[in-house]
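Notes to accompany the following structure.
The values are calculated or read from the model by the stated rules, or taken from the named source; none is laboratory data. Keep in mind that what you see is a predicted model, and the values were worked out from it rather than measured. Methodologically, a virtual Cβ is constructed for each residue, glycine included, from the backbone with ideal geometry; neighbour enumeration extends over all protein chains shown.
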């Protein structure tokens, strides 16, 4: 298979730019990662590397859904990114202090919207 390097073709050049975008975003995330969500950011950065590479393959095949393994490759990357998004959401979700519905008598109630305490 000959490498399609026709940069006047918008599909080819677009996929190359897209790959560079994903790699740049991944590099930026890895470089700037800090705090409690740094591990997730680095995981996203590692996922974006093969995702960008899949765009280079796509520039040669002309479609993201063929051959079948390219679709599977991209789907695996998207699934990994979704998993990271869910992990980030869980990390950032505030803990409302409820561990269950039972009242253990230790005053473990919760505050309502006005800041009033309820058992």
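The table below gives the values:
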read-out: Some residue of the range 5-17 being under 21 Å from the mean Cα position of the chain (by Cα) and either at pLDDT below 90 or within 19 Å of residue 78 (Cβ to Cβ) (or both); value: yes
read-out: Qualifying positions in the range 26-43 - assigned to a helix (DSSP H, G or I) and either without any contact (Cβ under 8 Å) to a residue 24 or more places away in the chain or under 13 Å from residue 91 (Cβ atoms) (or both); value: 27, 28, 29, 30, 31, 32, 38, 39, 40, 41, 42, 43
